Structures are given as structure tokens and as C-alpha cells.
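Student: My questions all concern the structure below.
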Amino acid sequence: MSAIIEGKELSRWYGMVMGLNHISFEVRPGLTGLVGPNGAGKSTLINLVTGQLRPSSGDLRVFGEVPWNNPRLLRRLGFCPEGEAVHQDVTARDWLKAMGRLTGLAGDAIRPRIAEVLQRVRLPREAWDRRMGQFSKGMRQRVKLAQSLLHDPDLLILDEPMNGLDPMGRQEVAQILRELARSGKSILISSHILAELEALARDFLILNWGKILASGTRQEIRADLSQWSEQLLVRCDDPQRLARHLFDAGVLLGFDLDLDEKLLRFRVQDPPAFYDRWLGLLLESGTTIHEIRSESRSLRQIFERVTA
Amino acid sequence: MNPEPATLPVRDASEPKRCPGFAASVGALWTLFWGALCTGRRVPWLLALLFLQPVFAWFSIPDQREGALLEWTANLYLGLMIPIYCLMTGGGLIRDETQAGTLGYLLTRPVSRARIFLGKYLCQLFWGEIILGANSLFLVVVAYVRGVESWLSIAPVLLLTQLFVVPAFLAISALLGLISRRYVVLGVVYGFLVEVGIGQIPTNINVLSVSRHARTLMANSTAFADRFGWEAEGTLWSVASLLIITAVFLVLGTIWFTLREFSGPEEEKK
């Protein structure tokens, strides 16, 4: 699948401060999560992709074009910036009207389109003609998302779009993004709420200190990590016996027993080799297994591992 | 209760996406500009802008004292109030958006930065001409009510001068606002250096001064010419100069706005 965003040896410096440091990456069509702590370079990368910043060095292409000062490319991008800033003195409907006209929507197409997107982001109808300065944080997030959807962009770039939304709102926004992805749109979304990003995105770019530490699907990232230790949780009738058996087999890095809950939590080095032997080890141990769960496959654990 | 979510109709992939035309861009920017003007907290400022100057003029110009009116118009209104108005509004043209954190919405639209800058300039210019035009008319009304005989000859000259001076001052201020967030200080320095300093030098270099050209235009009223010894010779040249000054500063501002980055910690501090 060809990349929609491609960076080669990309760097961005703010004077002496590093934003991005010599990164190369590809973003494939679909839903891609941009993961990293504050100051990792997520917003810098987004500002470069949306043509608001120029690379200090290296090459960046979005749909094969250089994004800096490129209105032709911006026709295909929708951008929802971080923060709560909106034009506070205008009503939501007037704001979207202005944004729509600035995006090339014709006069007669704007009104119905505004109604569609406002309904889509579930902004209460009574708020449509209210000045946005009176909006709550969540309402601003919704109207910000609405402006990015107005012109039906091919690539939607969202910088922390879940901030300020209540759990219900987050669910709704996640649902909208899933629908957009299903309809063939590509979405690049940055968020520090890893659990939500994990549920949404297929691909990930993990950034820290201006570097891309890992990229790809969770499986690809995990496969790239050498010395990756996996943590498993097993609930069985005799966790002590199972622990001893695994210890004797020499596969354990460490373990923790909870006899009341009948739980064995253990870590293994070299997971592929372990999984080759795993079923045999279980059968040999003679224990009855009730539950097996990997605790090392969540995005949070991958992230912690990668950024450690 | 929230409305039910609608399913967004998906655009036909073969349908080309358009960039907006210049008129549509200006119209959109005017919607934002007008929305920001028509807020309750701005109404007092608007009323003050419209009526304070004529009210002060009313108390400052005694009956039938033409000299007081002319001094007021030339020194205070044209020499101070119009430049300050232009500096504050023109300087904030882009600066207000960066400070509010809303410039990103405009810069990520499929519109060239030149169009955004010029569109915002035109909105501000249109409004400035209306507000200052109303002010000039109120000033003429004060002159008429106070029985100043030359009020009829002053009115067209004042309006014409304002028509050409405001775009020039606004263009200069817009550039200053782009250069630094301390554009008021830059404007004061510029005013002393170019308008007061260079503008007073009786050589060709004073062609750079907007107020020098304003004086030439105002001299077409005999009342001003007699009172201040100004000469109307070269009126057309002054009009052309004001237009050229406007164009040059607009081009410089457009280039600056096009090439400058407005995101990132360092850029936001500039």
C-alpha cells in the first residue's frame, strides 16, 4: 500500500530547540495514531504535514506533494488543531460558513453541509447560532471537528481531538472517526489517551524527544523489538505447580503468585521461542487452566517499553 | 437533547475539489471580521470611536473660530487620530489571530497566504474608511453648527484625503504588526522618523512621508492652504505616491506573511 505521508531524514529545529530530529517514516492510508509524551514532537510533525512549518532539513511529502504553502494540497486535508482556540465572537454556524467558503464550498452548498457536519458531531441544535465564546470545552472540540470535516477531506489530521470531551463524547468522536475510516478516509490522530488511540488506530508512530522510536501496527512494532519480554497472566487450579514447572523448564524471567485468586503472573524472554513450547509446557504441568491473558500487548505497554 | 447524528454524504472521488476565489475568500474573512465587531463588549468602543472625536471637537472649537477647527483637523485628527487608529487596527490584522490561536484555521485552508493577508486588509480598510469617514462627516457637521464658514470647502478635501491616507497607514501598520508584536513601539518610531523627521525635510526624500502627501491634498482647501502655508502643487503626484506607498507596503507585508512561519514556540513569541 503506497504511503500518503512520507518523511525522509526530516528535521525541524526551533533555534537551538529540537522539534524533530532526522526522522524517516511513512504513513499508510487508514487510521494512524501518533503517540508520544508532551514535547515528543507530535505537534511539530502535524504542523509540518499541514504546511504550517517548513522542515529545517530533509524531505516531506503528503500525497506526493510538498505541504509548505501549498493550497492545492490543503484542499485534500482537514485539520483540527490542539487546544480550545476558536473564533470566539462568531456563532458556530457563521464560523463554519466562513471556513466552508475558505475551503471552496459554493454558496448554495454551504448551508446544508454545515447542518450535516454539525449534526454529525452532535453539537446541540440550540448551540448552532450561539457565539462560540460561550461554548464549553467539549462543544468547542465538536465544532472544531466539524470545521475539519466540512470539505470532505481525504486526509483528516487531528491533534488531541478527545481533549475536553466527556466519556460519551469520546465514544461519539471515536465512532465518527471509525465511520470516516471505513468510508476510505485516512486519519492521522495524535492523542495521549493511549487506550482510546489503541481502540481506534491500526498503525502507530511512536515519538519521543523528536525521534520516531517505532512505527507500524502493534504486531510489527513488537516484532521489531528485540529483547522484548512478554508478561502473561494465567488463572489455573494450581498456580504454584505451574510456576515450578515453568521455572524448571527455564523459561521464566520472573513471576508473581496470588494464591487467593489462583493467579500466576510471569514474564518470559524471547516470546516466539516461548510460544513454540507453551502448549506442551501447559500439558506437561497437568494444571487446569481457566484463563490466559497477555499483559504486554497493549499500546501502553508497547509505548512504555519503546520509550524506556 | 442532542440531534441524531447524520451520515455524511461521501464526495464523488471524481469530483475535483476547488480552491475558493478571491471574492469568496474576502467574503469569508468579512464574516469573521464582522462577527468579531458585533459583540456586546465592542459596542462601547465602537460608539467611542464614532462620537468621542466630534464631541471633543464640539467643546474645543468655539463658535465661528475657523482657526481652531483647522488646527484640530490638521494636527489632531489627521496628524494623530487617523494614524493611531490605523496603527492599532492594521497592526492587529494578523497579530490578533496569532494571539487568539486561530490563525492555524486560516493557514490550513486551500487559500494562498497572499489572499488571506490581502483579504483581511481589505476588510479592515473597508471598515476603517466607514468609521473614519463618519468621523470626518461629524467633524464637518460640528464646523457647520459652530458657524465656521469654510465648512463646505473642508468637507470634500477632508474625505478625499482620508480616502487615500487610510490605506497607506493601514498597509504600513499591517507590515509592522507582522514584523513584531511590539508594533505600537515600531509605529511610534516610524512616525517620528519618517512622518515627523523625513516628512519635514524639504527635499525629494520627504516623498516617503504619508502625512506630507496628506498636507498637499488638504492644501486644495484654501482655508488650510492659507492657515498653514501648504501648497496644493503636485496633488496628483501625492495621490500617486500614496497609492505607491500602499502598494509597496502591501507587497512587503504579503511576502512577509507568505514566507513566515506562525507555529512553534519561537515563532509565536516574535
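The values are calculated or read from the model by the stated rules, or taken from the named source; none is laboratory data. None of these values were measured; they are calculated from a predicted model. All Cβ positions, glycine included, derive from the backbone under ideal geometry; neighbour counts span all protein chains shown.
Student: Can you go through A:ARG130, A:ARG142 and tell me which one is buried (at least 18 other Cβ atoms within 10 Å of the Cβ), outside the structural domain of A:PHE25 (by TED's automatic domain parsing) and without any contact (Cβ under 8 Å) to a residue 40 or more places away in the chain? Spell out how you get there, then give the answer.
Tutor: Values: A:ARG130 fails: buried (at least 18 other Cβ atoms within 10 Å of the Cβ).
The match here is A:ARG142.
Student: Is it fair to say B:PHE257 is assigned to a helix (DSSP H, G or I), at pLDDT below 90 and crowded, with 18+ Cβ neighbours inside 10 Å? So that I can check it myself, show each step before the final result.
Tutor: Values: assigned to a helix (DSSP H, G or I): yes; at pLDDT below 90: no; crowded, with 18+ Cβ neighbours inside 10 Å: yes.
Considered against the rule, which asks whether it is assigned to a helix (DSSP H, G or I), at pLDDT below 90 and crowded, with 18+ Cβ neighbours inside 10 Å, B:PHE257 comes out as no.
Student: Considering segment A:80-111 alone, what residues qualify as being part of a helix (DSSP H, G or I), more than 7 Å from chain B (Cβ to nearest Cβ) and in contact (Cβ under 8 Å) with a residue 40 or more places away in the chain? Spell out the reasoning first.
Tutor: So the first thing to find is which residues in segment A:80-111 are part of a helix (DSSP H, G or I), and the list is A:92-102, A:107-111.
Keeping just the survivors that are more than 7 Å from chain B (Cβ to nearest Cβ) gives A:92-93, A:95-96, A:100, A:107-111.
Within segment A:80-111, A:ALA92, A:TRP95, A:LEU96, A:GLY100 qualify.
Student: Does B:ILE179 satisfy being modelled with pLDDT of 95 or more and either more than 29 Å from B:ALA68 (Cβ to Cβ) or in contact with a strand residue (DSSP E or B) (Cβ under 7 Å, 6 or more places away or on another chain) (or both)? If you could, list the steps in order and put the result at the bottom.
Tutor: Values: modelled with pLDDT of 95 or more: no; either more than 29 Å from B:ALA68 (Cβ to Cβ) or in contact with a strand residue (DSSP E or B) (Cβ under 7 Å, 6 or more places away or on another chain) (or both): yes.
Against the criterion (modelled with pLDDT of 95 or more and either more than 29 Å from B:ALA68 (Cβ to Cβ) or in contact with a strand residue (DSSP E or B) (Cβ under 7 Å, 6 or more places away or on another chain) (or both)), B:ILE179 does not qualify.
Student: Now for a separate question. If a residue has to be under 17 Å from A:LYS185 (Cβ atoms), more than 10 Å from chain B (Cβ to nearest Cβ) and polar (S, T, N, Q) to count, how many in segment A:139-161 make the cut?
Tutor: Here the count works out to 0.
Student: For segment A:197-213, does any single residue satisfy the condition of being more than 11 Å from the chain's Cα centre (by Cα), outside any loop (DSSP other than H, G, I, E, B) and within 12 Å of chain B (Cβ to nearest Cβ)?
Tutor: No, segment A:197-213 contains no residue that is more than 11 Å from the chain's Cα centre (by Cα), outside any loop (DSSP other than H, G, I, E, B) and within 12 Å of chain B (Cβ to nearest Cβ).
Student: If you don't mind, another one. Considering only residues that are small (Gly, Ala, Ser), out of contact with any strand residue (DSSP E or B) (no Cβ under 6 Å at 6 or more places or on another chain) and under 16 Å from A:GLU179 (Cα atoms), which ones fall in segment A:131-163? So that I can check it myself, show each step before the final result.
Tutor: At the first step, the residues of segment A:131-163 found to be small (Gly, Ala, Ser) are A:133, A:136, A:138, A:146, A:148.
Retained after the next criterion (residues that are out of contact with any strand residue (DSSP E or B) (no Cβ under 6 Å at 6 or more places or on another chain)): A:133, A:136, A:138, A:146.
Within segment A:131-163, just A:ALA146 meets the criteria.
Student: Still on this structure: Scan B:LEU163, B:LEU178, B:LEU242, B:LEU170 and give me the residue that is part of a helix (DSSP H, G or I), touching an Asp or Glu at 6+ places or on another chain (Cβ under 8 Å) and surrounded by 15 or more Cβ atoms within 10 Å (Cβ to Cβ). Walk me through it before giving the result.
Tutor: Details: B:LEU178 fails: touching an Asp or Glu at 6+ places or on another chain (Cβ under 8 Å); B:LEU242 fails: touching an Asp or Glu at 6+ places or on another chain (Cβ under 8 Å); B:LEU170 fails: touching an Asp or Glu at 6+ places or on another chain (Cβ under 8 Å).
Sole residue among the options that is part of a helix (DSSP H, G or I), touching an Asp or Glu at 6+ places or on another chain (Cβ under 8 Å) and surrounded by 15 or more Cβ atoms within 10 Å (Cβ to Cβ): B:LEU163.
Student: Let me ask something additional. Only one of these conditions is not met by A:GLU126: (1) over 22 Å from B:GLY27 (Cα atoms); (2) at the interface with another protein chain (Cβ under 9 Å from one of its Cβ atoms). Which number is it?
Tutor: (2)
Student: Another question, then. Determine whether segment B:142-158 contains at least one residue that is in contact with a Pro (Cβ under 8 Å, 6 or more places away or on another chain), modelled with pLDDT under 90 and in a loop (DSSP other than H, G, I, E, B).
Tutor: At the first step, the residues of segment B:142-158 found to be in contact with a Pro (Cβ under 8 Å, 6 or more places away or on another chain) are B:142, B:146.
Subsequent filtering for residues that are modelled with pLDDT under 90 retains B:142, B:146.
Applying the additional criterion that residues be in a loop (DSSP other than H, G, I, E, B) yields B:146.
Yes: one or more hits.
Student: List the pairs whose first member sits in segment A:238-262 and is of a type in the set (Lys, Arg), whose second member is assigned to a helix (DSSP H, G or I), and whose Cβ atoms are under 6 Å apart, counting only residues at least 6 apart or on separate chains?
Tutor: Partner pairs satisfying both residue conditions: A:LYS262/A:PRO239.
Student: Only residues that are hydroxyl-bearing (Ser, Thr, Tyr) and either surrounded by fewer than 18 Cβ atoms within 10 Å (Cβ to Cβ) or at pLDDT below 75 (or both): list them for segment B:6-43, please.
Tutor: Filtering segment B:6-43 for residues hydroxyl-bearing (Ser, Thr, Tyr) gives B:7, B:14, B:25, B:31, B:39.
The answer is B:THR7, B:SER14, B:THR39.
Student: Quick one: which helices (runs of 4 or more DSSP H) lie wholly within segment B:25-136 and hold at least 3 residues that are within 29 Å of A:SER148 (Cα to Cα)? Spell out the reasoning first.
Tutor: Details: elements: B:43-60, B:66-71, B:82-100, B:103-107.
The helices (runs of 4 or more DSSP H) meeting that bar are B:82-100, B:103-107.
Student: Sticking with this structure for a sec: Is it fair to say B:ILE84 is at pLDDT 90 or above, over 30 Å from A:PRO81 (Cβ atoms) and more than 14 Å from every other protein chain (Cβ to nearest Cβ)?
Tutor: On the way: at pLDDT 90 or above: yes; over 30 Å from A:PRO81 (Cβ atoms): yes; more than 14 Å from every other protein chain (Cβ to nearest Cβ): yes.
The answer is yes for B:ILE84.
Student: Which one is farthest from B:ALA168 (Cα to Cα), of the residues in segment B:104-126 that are touching a Gly at 6+ places or on another chain (Cβ under 8 Å) and more than 7 Å from chain A (Cβ to nearest Cβ)?
Tutor: Among residues in segment B:104-126 that are touching a Gly at 6+ places or on another chain (Cβ under 8 Å) and more than 7 Å from chain A (Cβ to nearest Cβ), the one farthest from B:ALA168 (Cα to Cα) is B:PHE117.
Student: Pull up segment A:60-79, narrow it to residues that are part of a helix (DSSP H, G or I) and surrounded by fewer than 21 Cβ atoms within 10 Å (Cβ to Cβ), then point me to the one that is farthest from the other protein chains (Cβ to nearest Cβ). Walk me through how you get there before you give the answer.
Tutor: Pass one, segment A:60-79, residues part of a helix (DSSP H, G or I): A:71-74.
Add one more test, that the residue is surrounded by fewer than 21 Cβ atoms within 10 Å (Cβ to Cβ), and what stays is A:71-72.
Numbers: A:PRO71: 4, A:ARG72: 7 Å.
The selected residue is A:ARG72.
Student: Looking at A:GLU172 and the list (1) part of a loop (DSSP other than H, G, I, E, B); (2) within 14 Å of another protein chain (Cβ to nearest Cβ), which single condition is not satisfied?
Tutor: Going through the list (1) part of a loop (DSSP other than H, G, I, E, B); (2) within 14 Å of another protein chain (Cβ to nearest Cβ), A:GLU172 breaks only (1).
Student: Consider segment B:220-237. How many of its residues are without any contact (Cβ under 8 Å) to a residue 40 or more places away in the chain and surrounded by 14 or more Cβ atoms within 10 Å (Cβ to Cβ)? Spell out how you get there, then give the answer.
Tutor: From segment B:220-237, those without any contact (Cβ under 8 Å) to a residue 40 or more places away in the chain are B:225-226, B:229-237; that's our starting set.
The next check asks that each one be surrounded by 14 or more Cβ atoms within 10 Å (Cβ to Cβ); those that pass are B:225, B:230, B:232, B:234-235.
Total satisfying the criteria: 5.
Student: Going through segment A:24-59 one residue at a time, which ones are surrounded by fewer than 17 Cβ atoms within 10 Å (Cβ to Cβ), within 14 Å of chain B (Cβ to nearest Cβ) and within 15 Å of the chain's Cα centre (by Cα)?
Tutor: Within segment A:24-59, just A:ASN38 meets the criteria.
Student: Would you please name the residue that is surrounded by the fewest Cβ atoms within 10 Å (Cβ to Cβ), looking only at residues in segment A:243-272 that are in contact with a helix residue (DSSP H, G or I) (Cβ under 8 Å, 6 or more places away or on another chain) and not aliphatic (A, V, I, L, M)?
Tutor: Step one: of segment A:243-272, the residues in contact with a helix residue (DSSP H, G or I) (Cβ under 8 Å, 6 or more places away or on another chain) are A:245-246, A:249, A:251-252, A:255, A:257-259, A:262-264, A:266, A:268.
Subset that is not aliphatic (A, V, I, L, M): A:245, A:255, A:258, A:262, A:266.
Working: A:HIS245: 18, A:PHE255: 18, A:ASP258: 12, A:LYS262: 17, A:PHE266: 21.
Among those that are in contact with a helix residue (DSSP H, G or I) (Cβ under 8 Å, 6 or more places away or on another chain) and not aliphatic (A, V, I, L, M), it is A:ASP258.
Student: How about segment B:128-163: which of its residues are among the charged types (D, E, K, R) and closer than 21 Å to B:THR216 by Cβ? Full working, then the answer.
Tutor: To start, the set of residues in segment B:128-163 that are among the charged types (D, E, K, R) comprises B:129, B:146, B:149.
Passing the criteria: only B:GLU129.
Student: A further question on this structure: Under the condition of being buried (at least 17 other Cβ atoms within 10 Å of the Cβ) and not in a helix (DSSP H, G or I), which residue from segment B:194-219 is modelled with the highest pLDDT?
Tutor: Taking the candidates together, the pick is B:ALA219.
Student: Filter segment B:22-47 for residues that are more than 10 Å from every other protein chain (Cβ to nearest Cβ) and not aliphatic (A, V, I, L, M) and give the result.
Tutor: Of everything in segment B:22-47, those that are more than 10 Å from every other protein chain (Cβ to nearest Cβ) and not aliphatic (A, V, I, L, M) turn out to be B:PHE22, B:PRO44, B:TRP45.
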